[in-house]
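> There's a structure below that I have some questions on.
Just so it is clear, none of the values below were taken in a lab; they were calculated from the coordinates. Everything numeric in this text was worked out from a predicted model, so none of it was measured. Here Cβ is always computed from backbone atoms with ideal geometry, including for glycine, and neighbour counts include all displayed protein chains.
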Amino acid sequence: MPETPALPVPSGPADTARGALHDVDVYARELMDYVSASPSSYHAAAEAARRLAAAGFTALDETEPWGPATPRRGYAVRDGAIAAWVLPEAPGSASAFRIVGSHTDSPALKLKPAARMGRDGFSLIGAEVYGGPLLNSFLDRELGLAGRLVTRDGAGHLVRTGPIARVVQVAPHLDRSVNESLHLDRQAHLAPIWALGAAGAADDVEAHLCEIAGIERGDLAGHDILTYPTEAPARFGRRAEFIASSRLDNLSSVIASLVALESLCSGEGGRTVGGGTVSGDVVVLVANDHEEVGSGTRSGAAGPFLEQVLRRLARALEITGEAYEAMLARSTCLSADAAHSVHPGYGGLHDPVVRPVLGGGPVLKINAQQRYATDAIGRALWERACAAAGAPHQVFVSNNAVPCGTTIGPITAQRLGITTADVGQPILSMHSQREMCAVVDGPWLAQALAAYWAGA
């Protein structure tokens with residue numbers, strides 16, 4: 001049997017270090033491991049915090065004053081969101097914030113407050129649709145439950161199960177039209193089955209989660225629990241050039257920003273931040289929650305989390321008042337979110353000229369209605385970063401007859417008034433419970449983000 005050709009290695013600013021930033025195989029494992037460790041936004045933030053702590057970052061509590069003792073490398077977690085930063089040794093009169101933003105949440109089914117249901121001899125889980133998923137992708141797939149339980153003292157407890165539930169599709173013998181016009185009623189058809197028998201006390205899903213978390217059922221005040229597909233991420237394709245996984249939108253961007261920040265702080269590729277910084281700018285990573293439902297929460301991009309962190313960091317650098325406003329005006333943001341690749345079976349839904357593909361590099365997203373925040377200045381910023389990284393890149397613009405999605409980019413630009421460009425790794429099957437990307441695009445995205453943070 002002929003040997004499978006090796007995948008190309010993305011080029012970058014240097015080839016001396018072969019960590020995740022420059023090695024597609026290492027990066028692919030990092031991505032798949034991160035998705036596996038992050039079945040909910042709360043787990044994604046906790047796993048990011050674990051990685052940052054291992055890289056020498058210090059956790060700060062938002063409820064305590066930060067002040068002049070704010071660590072040069074630090075992070076703060078708010079619910080399912082996380083912000084991290086590296087402060088320069090010597091900020092100057094031209095210092096700015098360089099921000100990479102992403103989001104931790106993905107479409108799912110979210111447990112209702114009273115989730116126990118019984119129907120026709122089955123115990124089911126009452127759930128709402130979270131975000132805008134491809135509903136059919138929930139069908140006939142083993143689902144786990146993950147998120148946080150909150151006890152009456154206000155403490156949060158992360159919890160996850162293995163495969164425990166399944167949304168079952170009707171057989172074609174019972175509905176002859178199912179292959180022509182599948183219709184899923186969100187209330188009637190999307191309740192996962194998780195046990196046999198009527199839904200008695202023994203089939204209280206909240207009690208089962210409390211048992212796993214080691215807390216008393218009577219102490220439970222509430223929960224934020226979502227389903228997740230339990231099938232592990234996998235590489236596939238003629239040359240193993242693809243990854244199939246849930247939650248690529250948008251954990252593919254979160255891991256890219258983490259790899260970029262970790263590599264810069266470790267000096268990979270000859271560039272560092274936070275110790276012999278390449279500029280006097282403040283490097284900021286933020287991964288917000290709730291993008292899939294509009295971002296209008298305390299941990300979402302429309303909330304105050306990022307703005308409050310920026311103000312506290314500026315005060316730690318003794319930058320206040322007019323100086324802070326001027327610093328903000330000089331600042332920029334790359335909003336990193338998964339992008340659409342051309343679909344080979346639905347080519348007519350894409351722009352006839354601008355047609356990004358898997359394996360062609362990260363994508364700059366543009367929209368005349370400002371569903372993406374990119375303007376010409378933001379495009380120039382992105383072009384400089386990709387050129388410095390040696391990373392190929394593409395552009396996405398919608399077909400005029402097809403509605404366009406949106407990201408945290410316009411929200412961040414509106415809230416902070418800073419130049420923002422929307423970028424991301426191209427994927428297929430967006431909002432499915434099993435999305436698809438090309439292995440090579442992730443490292444290129446991470447390299448471009450690292451070059452941006454390093455001063456490109």
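> Using amide H atoms built 1.01 Å from N in the peptide plane, name the residues 5+ places from LEU109, or on other chains, whose amide H lies under 5 Å from its own.
Sorted by chain and number, the residues that satisfy this are TYR130, THR227.
> State whether segment 84-202 is rounded, prolate or oblate according to the following rule on the C-alpha gyration tensor (a ≥ b ≥ c being the square roots of its eigenvalues): a/c under 1.5 gives rounded; otherwise a/b larger than b/c gives prolate, and the remaining case gives oblate.
Oblate, since a/c reaches 1.5 and b/c is not below a/b.
> Place the peptides 34-45, 69-80, 299-310 in order of packing, highest mean first, counting for every residue the other Cβ atoms within 10 Å and averaging per peptide.
34-45, 299-310, 69-80
> Which value, in debye to the nearest 20, gives the size of the charge dipole of the chain about its Cα centre, when Lys and Arg are +1 and Asp and Glu are -1 at the Cβ?
Using only the charged Cβ atoms, the result is roughly 420 debye.
> Towards the positive end of the charge dipole of the chain, with charges on Cβ (+1 Lys, Arg; -1 Asp, Glu), say which of SER335, LEU220, ALA76 has the farthest Cα.
It is SER335, whose Cα lies furthest towards the positive end.
> Right, next: So I have (i) 70, 57, 47; (ii) 87, 47, 44; (iii) 130, 69, 39, and one of them is Cα extents along the principal axes in Å calculated from this model. Which one is it?
Given (i) 70, 57, 47; (ii) 87, 47, 44; (iii) 130, 69, 39, the calculated one carries the label (i).
> Which angle between 0 and 90 degrees, to the nearest 10, do you get for helix 305-316 versus the longest principal axis of the chain when only C-alpha atoms count?
The helix 305-316 is inclined about 30 degrees to the chain.
> Run the simple label-point estimate for ALA53 and GLN308 please: 7 Å along Cα→C-beta, distance reported in nm.
2.1 nm
> Another question, then. Length gain on complete extension for the stretch ALA90 to ASP351, per 0.36 nm per residue less the alpha carbon to alpha carbon distance?
That pair, ALA90 and ASP351, stretches by 89.3 nm at full extension.
> Tell me which residues come under 5 Å, amide H to amide H, from LEU358 once H is placed; ignore anything under 5 positions away on its chain.
VAL342
> I would also like to ask the following. Cα gyration tensor of segment 247-394, axes a ≥ b ≥ c as square roots of the eigenvalues: rounded (a/c below 1.5), prolate (a/b > b/c) or oblate?
prolate
> Would you mind putting 237-249, 89-101 in packing order, based on average other-beta-carbon counts within 10 Å, highest first?
237-249, 89-101
> In whole Hz, what ³J(HN,Hα) sequence does segment 429-439 give by Karplus (6.51, -1.76, 1.60; θ = phi - 60°), x for Gly and Pro?
Computed from phi, the couplings for segment 429-439 are 6, 4, 6, 7, 7, 8, 8, 9, 9, 9, 4 Hz.
> Let me ask something else. I want the antiparallel fraction of DSSP beta bridges within segment 363-456, as a percent rounded to 5.
In segment 363-456, approximately 60 percent of DSSP beta bridges are antiparallel ones.
> Moving on to the next point. So who's got an amide H within less than 5 Å of the one on SER331, skipping anything under 5 residues away but keeping other chains? H placed 1.01 Å off N, in plane.
For SER331, whose amide H was placed from the backbone, the distant partners under 5 Å are PHE97.
> With θ set to phi - 60°, apply the Karplus curve 6.51 cos²θ - 1.76 cosθ + 1.60 along segment 124-129 and write out the HN-Hα couplings as whole Hz, x wherever there is a Gly or Pro.
10, 10, x, 8, 9, 7
> If you don't mind, another one. Calculate the dipole size of segment 284-356 relative to its Cα centre from +1 charges on Lys and Arg beta carbons and -1 charges on Asp and Glu beta carbons; express the result in debye to the nearest 20.
Roughly 120 debye for segment 284-356.
> Could you give each residue of segment 66-80 its phi-based ³J(HN,Hα) in whole Hz, using Karplus coefficients 6.51, -1.76, 1.60 with θ = phi - 60°, and x for Gly or Pro?
9, x, x, 7, 3, x, 5, 10, x, 7, 9, 10, 10, 6, x
> In segment 169-217, what GluC sites (Glu not before Pro) fall in a loop by DSSP, with at most 14 other Cβ atoms inside 10 Å?
For GluC sites (Glu not before Pro) across segment 169-217 that sit outside H, G, I, E and B with at most 14 neighbouring Cβ atoms in 10 Å, the list reads GLU180, GLU216.
> Continuing with this model, one more query. Using alpha-carbon pairs under 8 Å, 6+ residues apart, how would you state the relative contact order of segment 169-245 in percent?
11 percent
> With runs of 4+ DSSP H residues as the only contributors, calculate the mean residue ellipticity of the chain at 222 nm using -39,500 (n - 2.57) per run, divided by the residue total and rounded to the nearest 500.
Result for the chain, helices only: -8000 deg cm²/dmol.
> Provide the gained length on full extension for the span ILE212 to ILE377, in nm with one decimal, where the gain is 0.36 nm per separating residue minus the Cα-Cα distance.
54.3 nm
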